[in-house]
Each structure stands twice: as C-alpha cells, then as structure tokens.
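Enquirer: Supplied in structure tokens, the structure appears directly below.
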Amino acid sequence: MYLYTEKDQKIIEQRVAQYQNQTERYLAGKLSDDEFLVLRLQNGLYIQRHAPMLRIAVPHGMLNSKQIRMLAHISRHFDKGYAHFSTRQNVQFNWPKLEQVPEILKLLATVQMHAIQTSGSCIRNTTSDQYAGVAVDEVADTRPYCEIIRQWSTFHPEFTLLPRKFKIAVSGALTDRAATQVHDIGLYVVKNAQGETGFQVFVGGGLGRTPIVAPLIKEFLPEKHLLTYLEAILRVYNRHGRRDNKYKARIKILVKALTPDVFAKKVDDEWADLRDGPTTLPEAEIERIRACYQDPEYLTFPGDNESFISHIESNPSFKIWVNRNTVQHKTPGYRIINLSLKETGQAPGDVSDTALESIADLADRFSFGEVRSTHEQNLVLADVQQSDLFELWNKLKTLGFATPNIGLLTDIICCPGGDFCALANAKSIPIAEQIQRRFEDMDYLHDIGDLDLNISGCMNACGHHHVGHIGILGVDKKGQEFYQVSLGGSANEDAAIGKIVGPSFKEEDIANVIEKIIHVYLENRIEGERFIDTYRRIELAPFKERVYAKNH
Amino acid sequence: MQKIIKNRQIIDSSWNYVQPDSLTQEKLQFPDGDIVVSVSDWHSFRDLCLAHPGKLGLILQSDEEPSCVQNDLEHFEMIAIHFPAFGDGRGYSSARELRTKYKYEGEIRATGDVLRDQLQLMERCGFNAFEVRKDRDLVEAMAGFSDFSFTYQADLSNPLPSFRRN
C-alpha cells in the first residue's frame, strides 16, 4: 500500500496542529458553535445522540496491521472498546471526548492515518474495490488512482467549501464492487481500442432523498487527464450547485436540472482551460504511486494445494466457508478471504479492541500485514496461501468472523441508526438482528443464495437501502418507527434504484415481511436464478400482493 | 479607516464601498476618494465610474461570475469578492478564475465573513487582501497563513503541483 513521504507526513501533522488550535479556540470561546461546526466536520467530528462521533479515513479501504493496532488502542483508551467500519470503508468511533480528539489525531498521525475531509461539504475519502490488485476480473488496479485523487483532493484550496459533500468511487474490474454508479463521481478504469488506460466518467449518482444512478458523461478520459477533468467537474459544481437548499445541493440535482449533456458540455468548456496544464499527470508520477502497490512476494505454486483440497473434501463446514467467504485470487495457490462482521447479535461493522488486535496478528501471519475494509462493512485478508486456509478458518471461527454468509441475506449493510445517530428517524441495528435471527438456519440461508439486504435508519441512506436487492428504510410516523421496504435495487455494474413495495410496516413485522418476500422468490425462481434475477423477471406485483395479503 | 491585511501586512484600507442601488439617474453622487462599485452599478453607470477622480474597484457577490466583467478588468485596480458566509465557497472559484483564466493582476480582496481558518486557502486561490471580520483580531488571524508549509495542488502560491516541483 501507499507509504507516506516526508511531505505527506508533514501535511497530516500540520493538520493535527491546526485542528488542535481550532479546538482550543472553540473551548476558549473564540469560535462560535456554528463556526466550529464547519471546522470540526471537515475533520470528521460529529456531535451525535450520546457523544461526539469521530470518523477516520481509510483511503480506498487499505489498512496495515500497525494501523489496526492503533485503532484498537484508540478504541480501548478513548472509546468504549470497539470501532465501527462504515459503508464508506472508513472507521468510526462513537464515544470520544471532543477535548481528546486532537490527542487521538496525533496518535493516528504516527501510523499515517487522519480524519481529513471525512465529513463536511468537501471531497471525501475515495472508495474502491476491496479486491483491487488481486481480483481475477480486473482491468487495472484502482488503488494508485485513488491515492492520486486523495493527494489532489486533500486541502484543495478551491474545493474545500462546496455546496455539499462530494464522494468519488473508482472501480477497475468487470464486476463493480464499489457501488460506483451511485457516487457523485464514479470512475471505471477501462482500456480503449489502442490498449491505452483511461476512465469512463459517471457524474451525479447518489442515494439520499433523491436516489439516482449516475449518467455517463465521458466515454474515455485518458489517465493523464484525470485530475484536470475532475477539477473541471468540481469547478462547475462549486460555481453552479445549489446552496439555497441542503436537500438539493448535491451534484446529482445539478446534473439532472441541466441534463447530463448540458452538464458535460459545461465541464468540457471548463476543461478546455485546464487541459494539458500543470495538473496533467506525468507518467512518472503515475508510476511512482503505482510502485507502492506492486504485488507482494508471492510464492510460486504449481496449482491448488493438496491439503487445502482434502480439507474441503472431508469437512463440509470448511467447504461451505471456502465457497462463500473466500474468493479466487489472481495468483495460483492463494485465496482472498472475507471476514464476516455480520454474526447474528453483533452490530454490523462493529469490531472490539481485542478482536482488532487479533485481526492485525492474522494479517501479519497470513496476509503480508494488510487488511482491507469493504463498503459492505466486512474485512478482507487479500493474500492468503491456500495451505493456510484451514488454520485461518479455525482462528476466525474462534473470533466470530467465520460466519459463512458473505453476499447472503444476513450479510446486511446497516447504518448505526437511531441507537447512535442524531439524524436517524428509526433504529436499524435491531432490525438487522431481527432478520438475522429469522434466517439463522444455514441450509435455508444458503438455499436462498446471493441477496443484498440493506438497512438505513433515515433517508440519508448511509445503509444504502436504495441499492439493496431488498432495501429497508426507517421512517418516523407521528413519533413511531416504521419501515418502508423496497425491492430490485443493485449497487453493481447493473446499478438500479429499488422500488418501494407500498405502505410501511411496524418494527415487529419486518422479519415476517422479509420471509414472505423470500417465499415468493423461492416459489418463482427458475433453477440458478438469484433473487434479483427473479425479481427482474416477475417484477414487483407478486411480491406486493403477498406482503399485503390478509392472513389466511 | 478600516485595518485590513494586504500581502500579509496589516494596513489601512482607503476604499469606500458605494452602496448598491444608492445611485439613480436623478442623484449621481459617489463618495470621495477610492470607490468600489457593484456589478450592476458598473454596467449602469460605466462612464460616470470611469470619470470618477479616485481609484476604481469592483465588488462581486458570491453568485456573480467574473465572466460578467471579463472585458472590463483593466479598469479595476481592485476586485472585492464577497463571502456572505464563510461556508459559501463560490468566491474561491471566482478569485482563481480572475487570476488564471483572465490574468487579472490587481488586488483581489475577500470581504464579508472572512476568518482566520480560511486565509491560507483564499491566498492560494489568488486573494491578496483580506477584510477580516471586524470582531476578530487581525494579528491573531495572520497565523492562518502559515497553517501548512506543504500542499499538493497547483495554485497561486505554487504554480506547480507537488509532483512537478523539484
């Protein structure tokens, strides 16, 4: 992964000093609440229901074991002994003290971490494919581009006070695992007919109150133009994005209002001034960053490991876990391992301090000391030898991270919801647990197969409910919590926004409703069809009819 | 006279702002000395502005783009860009466009909700004068210029991005 130069290090240390000074001025009454609000948000500090929440950036989901140990240390000494992995690959602490945040940031800086631009109306952490660099279906490793964007967007003088937050995602594989098309800017790394690397550029996607799949505004952007083109998009947005209404301030509203064609034309006009200017990427810079993401020193294996194969043949539970939670690696003899953070009864994405330390140990022992976070709120050890898998599986079982449910109904994406978040209309974690308990039978769960179920506690949609095959949204009706269900969303390359089934349901009915939906699927599926395929074929009506049918 | 920061020095400002819409065809009277006019006054009373004996400046509101005066820039010794709230970042693009697209070399001044924590960003976008909000200490605010000794992007302080510098 990328290692900081002295200059990269200096900028985060100076940021700590700046933020410490801002905090001191606030505590001394020299900054008003409103003034400090904008400053603290730019550094990931929210004031939540019970306490402040501090969001730490995990650039494109890459972490090393030293960083994981530091997160464990911070959660132990400044929080209540756990950290939360968010749907944007970041880490959140739910219980830090405002006065202690500068001290936390100082500690983070010692392991090349920070909270810069993890909130506020600025360019946020760029997210990506958790299998970047190791996936078999990859066109190009996205991580160097993400890091290039990170540096460019860090304290960009022109784009630090935008109309609203701004999120960029990059995907470089045939399967989009980064929900790219529901970001403010989505980039697909592609090759043109001449074999040159560049980007398909999507602008104006997003979830929230107005969910939109981003339109394509540039078919092929050569890689050297990446930053000047992003700069042109941001300038059009900074200038023309709405600032009169928070709910209409995202770039998606601007793109929609102008139409994608007119928006693209405006960007091209702006780009004409910037193109080939000093911010054009030299090949040497792309190479410098790329060099940080070279393959680790893989051993050469002729093919599959024999003991690995025999464990699969002799141990059905191991086989199920391998099939579900591990993924083919580009290098023979290796596998990509998912750690499920979705054990029933565990808040999705939460990891305790001691578990973090164990994960760091596993990363050092089995996967070149690196860990990745995913937008589905799981963790990945990307480079594990097949011969180590059985031992690793046993260790993960002890830790509670071996639930073989990756990509299944109980692998729920879920925001912290009303239990923590001041914005939420309703709880979400207890809803996830209710559903997980209903579908605890592993044979049944595996029979249902691939299914994305996402839960958000309010229409800000941090739990990505719009793009779940099944989406659940918490709503408030006269002080009571209700849940709206939608079907047919997708966050992949076939991105789609789900359709609302109908009137919302009471909290205690949710598991029943989901079960009815699953029954309709199982009754209608054709052999090999995933839930989403069946939904697309038979559409909403049969599901709707079943969930609202009178009991019989 | 108001104290401001210009080119990182605390100085007295000589400029008088002409209240927008205070001029009518019946009563065409500017204050004495150096004046700053709004875009609409400039467009309505161009000849009168040019005939004024003092220096001439222009103030752009956050929703007014430099392109609306792009052919007139030679007439202004100073362009003020107003920040109705410090979180309204449109003025950064205005300053940058004035410097890089229109090659404006006169004074660019930040007015309105101008605070210490934005000074370095503003300077990097091409502002060189700052009317810091009146309730804030100018000497303390000056520290805001040196929060960062290294930055990544090409800007008005560093014409080359970090990857092209030696």
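Enquirer: Report the residue count in the stretch A:470-500 for those that are surrounded by 23 or more Cβ atoms within 10 Å (Cβ to Cβ) and of a type in the set (A, V, I, L, M).
Expert: Looking only at that region, the number is 6.
Enquirer: When you look at A:Gln20, is it within 14 Å of another protein chain (Cβ to nearest Cβ) and modelled with pLDDT of 95 or more, yes or no? Break it down stepwise before answering.
Expert: Details: within 14 Å of another protein chain (Cβ to nearest Cβ): yes; modelled with pLDDT of 95 or more: yes.
For A:Gln20, the condition - within 14 Å of another protein chain (Cβ to nearest Cβ) and modelled with pLDDT of 95 or more - is met.
Enquirer: Now for a separate question. Kindly evaluate A:Glu196 against the criterion of being farther than 25 Å from B:Arg124 by Cα, touching a Pro at 6+ places or on another chain (Cβ under 7 Å) and of a type in the set (Asp, Glu). Steps first, please.
Expert: On the way: farther than 25 Å from B:Arg124 by Cα: yes; touching a Pro at 6+ places or on another chain (Cβ under 7 Å): yes; of a type in the set (Asp, Glu): yes.
Yes.
Enquirer: Checking the condition outside the structural domain of A:Gln346 (by TED's automatic domain parsing) and under 21 Å from A:Tyr4 (Cα atoms), which residue from A:His73, A:His77, A:His114 passes? Spell out how you get there, then give the answer.
Expert: Details: A:His73 fails: under 21 Å from A:Tyr4 (Cα atoms); A:His77 fails: under 21 Å from A:Tyr4 (Cα atoms).
Exactly one of A:His73, A:His77, A:His114 is outside the structural domain of A:Gln346 (by TED's automatic domain parsing) and under 21 Å from A:Tyr4 (Cα atoms), namely A:His114.
Enquirer: Give the stretch A:1-31 a look and list any residue that's more than 19 Å from A:Leu107 (Cα to Cα), crowded, with 17+ Cβ neighbours inside 10 Å and either over 29 Å from the mean Cα position of the chain (by Cα) or among the polar types (S, T, N, Q) (or both), or say none.
Expert: Across the stretch A:1-31, the qualifying residues are A:Arg25, A:Tyr26, A:Leu31.
Enquirer: What are the residues in the stretch B:114-139 that are among the acidic types (Asp, Glu), under 14 Å from the mean Cα position of the chain (by Cα) and at the interface with another protein chain (Cβ under 9 Å from one of its Cβ atoms), if any? Quick ask: steps written out before the conclusion?
Expert: Of the residues in the stretch B:114-139, the ones among the acidic types (Asp, Glu) are B:117, B:123, B:131, B:135, B:137.
Checking the rest, the ones that are also under 14 Å from the mean Cα position of the chain (by Cα) come to B:123, B:131.
Residue satisfying the conditions is B:Glu123 alone.
Enquirer: Sort out which residues of the stretch A:409-423 are touching a Gly at 6+ places or on another chain (Cβ under 7 Å), buried (at least 24 other Cβ atoms within 10 Å of the Cβ) and in contact (Cβ under 8 Å) with a residue 60 or more places away in the chain, and write them in order of number. Even if it seems obvious, please write down each step before you answer.
Expert: Of the residues in the stretch A:409-423, the ones touching a Gly at 6+ places or on another chain (Cβ under 7 Å) are A:413-415, A:417-418, A:421.
Checking which are buried (at least 24 other Cβ atoms within 10 Å of the Cβ) leaves us with A:413-415, A:417.
Residues satisfying the conditions are A:Ile413, A:Cys414, A:Cys415.
Enquirer: Separate question: Please verify whether B:Arg109 is of a type in the set (D, E, K, R) and more than 7 Å from every other protein chain (Cβ to nearest Cβ), treating the condition exactly as stated. Break it down into steps so the answer makes sense when it comes.
Expert: Values: of a type in the set (D, E, K, R): yes; more than 7 Å from every other protein chain (Cβ to nearest Cβ): yes.
The answer is yes for B:Arg109.
Enquirer: Oh, and also: For the stretch B:150-166, enumerate the residues that are within 7 Å of chain A (Cβ to nearest Cβ) and surrounded by fewer than 17 Cβ atoms within 10 Å (Cβ to Cβ).
Expert: Within the stretch B:150-166, B:Phe150, B:Pro159, B:Leu160, B:Arg164 qualify.
Enquirer: To continue, here is another question. Does B:Gly57 satisfy the condition of being surrounded by 19 or more Cβ atoms within 10 Å (Cβ to Cβ) and within 12 Å of chain A (Cβ to nearest Cβ)? Write out each step before concluding.
Expert: Numbers: surrounded by 19 or more Cβ atoms within 10 Å (Cβ to Cβ): yes; within 12 Å of chain A (Cβ to nearest Cβ): no.
When the stated conditions are applied, B:Gly57 does not pass them.
Enquirer: Scan the helices (runs of 4 or more DSSP H) fully inside the stretch A:1-83 and keep the ones with 3 or more residues being touching a Phe, Trp or Tyr at 6+ places or on another chain (Cβ under 9 Å) and without any contact (Cβ under 8 Å) to a residue 40 or more places away in the chain.
Expert: Values: elements: A:6-27, A:33-41, A:65-78.
Per the criteria, A:6-27, A:33-41.
Enquirer: For the stretch A:234-268, how many residues are within 14 Å of chain B (Cβ to nearest Cβ), charged (D, E, K, R) and under 22 Å from B:Ala85 (Cα atoms)?
Expert: Count: 6.
Enquirer: Filter the stretch B:26-54 down to residues that are in a strand (DSSP E or B) and touching a Cys at 6+ places or on another chain (Cβ under 9 Å) and give me whichever is surrounded by the most Cβ atoms within 10 Å (Cβ to Cβ).
Expert: Our first condition is that a residue be in a strand (DSSP E or B); within the stretch B:26-54, this holds for B:34-38.
Add one more test, that the residue is touching a Cys at 6+ places or on another chain (Cβ under 9 Å), and what stays is B:35, B:37.
Details: B:Ile35: 20, B:Val37: 25.
Applying the filter and picking the extreme gives B:Val37.
Enquirer: Now for a separate question. Just one of A:Ser307, A:Ser340 is in contact (Cβ under 8 Å) with a residue 24 or more places away in the chain and surrounded by fewer than 19 Cβ atoms within 10 Å (Cβ to Cβ); which is it? Quick ask: steps written out before the conclusion?
Expert: Details: A:Ser340 fails: surrounded by fewer than 19 Cβ atoms within 10 Å (Cβ to Cβ).
Going through A:Ser307, A:Ser340 in turn, the sole match is A:Ser307.
Enquirer: Run down B:Asn158, B:Asn71 and say which single residue is farther than 28 Å from A:Arg164 by Cα and out of contact with any Gly (no Cβ under 8 Å at 6 or more places or on another chain).
Expert: Numbers: B:Asn158 fails: farther than 28 Å from A:Arg164 by Cα.
On inspection, the qualifying residue turns out to be B:Asn71.
Enquirer: Separate question: Taking the stretch A:54-111 on its own, how many of its residues are polar (S, T, N, Q), more than 22 Å from A:Cys146 (Cα to Cα) and either in contact with a strand residue (DSSP E or B) (Cβ under 6 Å, 6 or more places away or on another chain) or buried (at least 23 other Cβ atoms within 10 Å of the Cβ) (or both)?
Expert: Within the stretch A:54-111, residues that are polar (S, T, N, Q), more than 22 Å from A:Cys146 (Cα to Cα) and either in contact with a strand residue (DSSP E or B) (Cβ under 6 Å, 6 or more places away or on another chain) or buried (at least 23 other Cβ atoms within 10 Å of the Cβ) (or both) number 2.
Enquirer: Checking the structure you have, find out if any residue of the stretch A:158-166 is among the charged types (D, E, K, R) and not assigned by TED's automatic domain parsing to the domain that holds A:Arg243.
Expert: Taking the stretch A:158-166 first, the residues among the charged types (D, E, K, R) are A:158, A:164-165.
Imposing the further condition that a residue be not assigned by TED's automatic domain parsing to the domain that holds A:Arg243 reduces the set to none.
No, because not a single residue in the stretch A:158-166 is among the charged types (D, E, K, R) and not assigned by TED's automatic domain parsing to the domain that holds A:Arg243.
Enquirer: Tell me the residue from A:Phe159, A:Phe166 that is of a type outside the set (D, E, K, R), within 14 Å of chain B (Cβ to nearest Cβ) and under 15 Å from the mean Cα position of the chain (by Cα), please. Step through it out loud before you land on a result.
Expert: Working: A:Phe159 fails: under 15 Å from the mean Cα position of the chain (by Cα).
Every option except A:Phe166 fails the conditions.
Enquirer: Here are some conditions: (1) within 26 Å of A:Asp268 (Cα to Cα); (2) within 14 Å of chain B (Cβ to nearest Cβ); (3) touching a residue at least 24 places away in the same chain (Cβ under 8 Å). A:Ser119 meets all but one. Which one does it not meet?
Expert: The single condition A:Ser119 does not satisfy is (1).
Enquirer: Test A:Leu187 against the criterion of being within 14 Å of another protein chain (Cβ to nearest Cβ), within 20 Å of B:Pro161 (Cβ to Cβ), buried (at least 23 other Cβ atoms within 10 Å of the Cβ) and of a type in the set (A, V, I, L, M, F, W, C), and give yes or no.
Expert: Values: within 14 Å of another protein chain (Cβ to nearest Cβ): no; within 20 Å of B:Pro161 (Cβ to Cβ): yes; buried (at least 23 other Cβ atoms within 10 Å of the Cβ): yes; of a type in the set (A, V, I, L, M, F, W, C): yes.
So A:Leu187 does not fit the description; no.
Enquirer: Looking at (1) modelled with pLDDT under 95; (2) within 20 Å of the chain's Cα centre (by Cα); (3) outside any loop (DSSP other than H, G, I, E, B), can you tell me which one A:Phe202 breaks?
Expert: That leaves (1) as the condition not met.
Enquirer: Please tell me if A:Gly208 is buried (at least 16 other Cβ atoms within 10 Å of the Cβ) and at pLDDT below 95. So that I can check it myself, show each step before the final result.
Expert: On the way: buried (at least 16 other Cβ atoms within 10 Å of the Cβ): yes; at pLDDT below 95: yes.
So A:Gly208 fits the description; yes.
Enquirer: With the requirement that a residue be of a type in the set (D, E, K, R), under 17 Å from the mean Cα position of the chain (by Cα) and either within 14 Å of chain B (Cβ to nearest Cβ) or surrounded by fewer than 23 Cβ atoms within 10 Å (Cβ to Cβ) (or both), what does the stretch A:125-150 give you?
Expert: Let us first name the residues in the stretch A:125-150 that are of a type in the set (D, E, K, R), namely A:129, A:137-138, A:141, A:143, A:147, A:150.
Now restrict to residues that are under 17 Å from the mean Cα position of the chain (by Cα): A:129, A:143, A:147, A:150.
Scanning the stretch A:125-150 gives A:Glu147, A:Arg150.
Enquirer: Sticking with this structure for a sec: Of all residues in the stretch B:91-106, which are within 11 Å of chain A (Cβ to nearest Cβ), surrounded by 22 or more Cβ atoms within 10 Å (Cβ to Cβ) and not acidic (Asp, Glu)?
Expert: If the condition is that a residue be within 11 Å of chain A (Cβ to nearest Cβ), surrounded by 22 or more Cβ atoms within 10 Å (Cβ to Cβ) and not acidic (Asp, Glu), then B:Gly91, B:Tyr92, B:Ser93, B:Ser94, B:Ala95, B:Arg96 are the ones that fit.
Enquirer: To continue, here is another question. Would you point out which residue out of A:Asp361, A:Asp350 is among the charged types (D, E, K, R) and touching a Phe, Trp or Tyr at 6+ places or on another chain (Cβ under 8 Å)?
Expert: Numbers: A:Asp361 fails: touching a Phe, Trp or Tyr at 6+ places or on another chain (Cβ under 8 Å).
Answer to the selection: A:Asp350.
The values are calculated or read from the model by the stated rules, or taken from the named source; none is laboratory data. Just so you know, these numbers come straight off a predicted model, no measurement behind them. A quick note on method: Cβ atoms are made from the backbone with ideal geometry, for glycine too, and the neighbour counts reach across all protein chains shown.
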